[in-house]
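Visitor: Here it is: the structure, laid out below.
The values are calculated or read from the model by the stated rules, or taken from the named source; none is laboratory data. These figures come from a predicted structure and were not determined experimentally. Note: ideal-geometry Cβ built from the backbone for every residue, glycine included; neighbour counts use all protein chains shown.
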Amino acid sequence: MATIKPVSEKQARGAVRRIFRDIKATKKIDRVPNFWRGLARHPALLEQVWSELKAVMSPGSLDVRTKEMVALAVSITNSCEY
């Protein structure tokens, strides 16, 4: 059971709306995942976490796909249900 109510995309305003649009465009997805919607309760935190993750996941020594696979493997190893 969730302890906070995620911000819906319809409720999003200002910076949250802008970040939600960027998340969808960057990840090429149609909806904002619950993780980001939960962080949106605190817009400054949402912006900070998104900016950091976006920088880490951008192409560099490893391509984006490899970085995503590493993130998935770590999540599975840690029994992450999300």
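Visitor: What are the residues in segment 53-68 that are in a helix (DSSP H, G or I) and either within 15 Å of residue 27 (Cβ to Cβ) or among the basic types (Lys, Arg) (or both), if any? Step through it out loud before you land on a result.
Guide: If we filter segment 53-68 for residues that are in a helix (DSSP H, G or I), which is where we start, we get 53-57, 64-68.
Within segment 53-68, 53, 54, 55, 56, 57, 64, 65, 67, 68 meet the criteria.
Visitor: Can you pull out the residues in segment 1-39 that are aliphatic (A, V, I, L, M), under 10 Å from the mean Cα position of the chain (by Cα) and farther than 18 Å from residue 64 by Cβ?
Guide: Once the filter is applied, which keeps residues that are aliphatic (A, V, I, L, M), under 10 Å from the mean Cα position of the chain (by Cα) and farther than 18 Å from residue 64 by Cβ, segment 1-39 yields 19, 32, 39.
Visitor: Step by step: first the residues of segment 34-48, then only those that are exposed (fewer than 15 other Cβ atoms within 10 Å of the Cβ) and free of Cβ contacts under 8 Å to residues at least 12 places away in the same chain, then the one that is farthest from residue 11 (Cα to Cα). Which residue is that?
Guide: 48
Visitor: Something else now. Identify, by number, the condition in (1) surrounded by fewer than 11 Cβ atoms within 10 Å (Cβ to Cβ); (2) at pLDDT 95 or above that residue 81 doesn't meet.
Guide: The failed condition is (2).
Visitor: Look through 17, 31 and report the one residue that is in a helix (DSSP H, G or I) and surrounded by 10 or more Cβ atoms within 10 Å (Cβ to Cβ).
Guide: Exactly one of 17, 31 is in a helix (DSSP H, G or I) and surrounded by 10 or more Cβ atoms within 10 Å (Cβ to Cβ), namely 17.
Visitor: Among 8, 51, 58, which is within 25 Å of residue 80 (Cα to Cα), among the polar types (S, T, N, Q) and in contact (Cβ under 8 Å) with a residue 12 or more places away in the chain?
Guide: Matching residue, one of 8, 51, 58: 8.
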